[in-house]
Amino acid sequence: MDTNELLSHAIKARRNSYSPYSNFSVGAAVYACGKIYEGCNIENASYGLTMCAERVAIFKAVSDGCRKIEKIAIFASSMPYPCGACLQVMEEFCSEDCEVIIATPEKMEKYKLKDLLPHPFSKDAL
Ligand code: THU
């Protein structure tokens, strides 16, 4: 999957962000099973119920039956490094060499999931 194409889906998804409390809009797109799933962050007046853009996109893929994510792009106005909860969810559903693209209008960085979460808690431990 081409990085710029996946990123363009994250940019598009960000338009639907519901973020009236933080005013920080995030868009994400994941490539899984030959398809692209988009997500945006969705906040709530009960702040702790907020859902990050990455998890929305991942859960859309998983609920569609796709459990092997190969690439993720995340876009915001400042670098949206994924939070710990999103990294743990990525660990569950991403392939071993899954790429994570993090970008703003000014810059883009590319990581492997294992660079961002080097010592994950995984189902192998259970
Ligand atoms: N957020 C994301 O959606 N993804 C990230 O990678 C970082 C944070 C959201 C959650 C919340 O709606 C807002 O950004 C501020 O934390």
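The values are calculated or read from the model by the stated rules, or taken from the named source; none is laboratory data. Note that this is a predicted model, so its numbers are computed, not measured. Because the Cβ atoms are built from the backbone with ideal geometry, glycine has one as well, and the counts that use them run over all protein chains shown. SASA here: full protein model, heavy atoms, side chains in, ligands and nucleic acids out. Shrake-Rupley method; radii C 1.70, N 1.55, O 1.52, S 1.80 Å.
If you go through segment 1-11 and keep only what is open to solvent by 60 Å² or more (accessible area, probe 1.4 Å) and either within 15 Å of the ligand (Cβ to nearest atom) or more than 25 Å from E70 (Cβ to Cβ) (or both), you end up with just I11.
For segment 56-79, which positions are closer than 14 Å to C40 by Cα and either open to solvent by less than 60 Å² (accessible area, probe 1.4 Å) or of a type outside the set (A, V, I, L, M, F, W, C) (or both)?
Of everything in segment 56-79, those that are closer than 14 Å to C40 by Cα and either open to solvent by less than 60 Å² (accessible area, probe 1.4 Å) or of a type outside the set (A, V, I, L, M, F, W, C) (or both) turn out to be V56, A57, I58, K60, A61, I72, A73, I74, F75, A76, S77.
Scanning segment 80-97 for residues that are open to solvent by less than 40 Å² (accessible area, probe 1.4 Å) and either more than 9 Å from the chain's Cα centre (by Cα) or near the ligand (Cβ under 10 Å from one of its atoms) (or both) yields P80, P82, C86, L87, V89, C94, S95.
Pairs linking a residue in segment 75-94 that is more than 14 Å from A10 (Cα to Cα) and of a type in the set (A, V, I, L, M, F, W, C) to a residue that is near the ligand (Cβ under 10 Å from one of its atoms) and open to solvent by 20 Å² or more (accessible area, probe 1.4 Å), with Cβ atoms under 8 Å and 6 or more positions apart or on different chains, are C83/C52; A85/C52; A85/R55; C86/C52; C86/R55; V89/R55.
What number of residues in segment 109-126 are out of contact with any Ser or Thr (no Cβ under 8 Å at 6 or more places or on another chain) and not in a helix (DSSP H, G or I)?
Going through segment 109-126 one residue at a time, the tally reaches 10.
Residues that are farther than 16 Å from E91 by Cα, β-branched (V, I, T) and open to solvent by less than 20 Å² (accessible area, probe 1.4 Å) within segment 14-48 comprise just one, V26. For the list (1) in contact (Cβ under 8 Å) with a residue 24 or more places away in the chain; (2) under 16 Å from Q88 (Cβ atoms); (3) surrounded by fewer than 24 Cβ atoms within 10 Å (Cβ to Cβ), I need the number of the one condition that M51 fails. For M51, the exception is condition (1).
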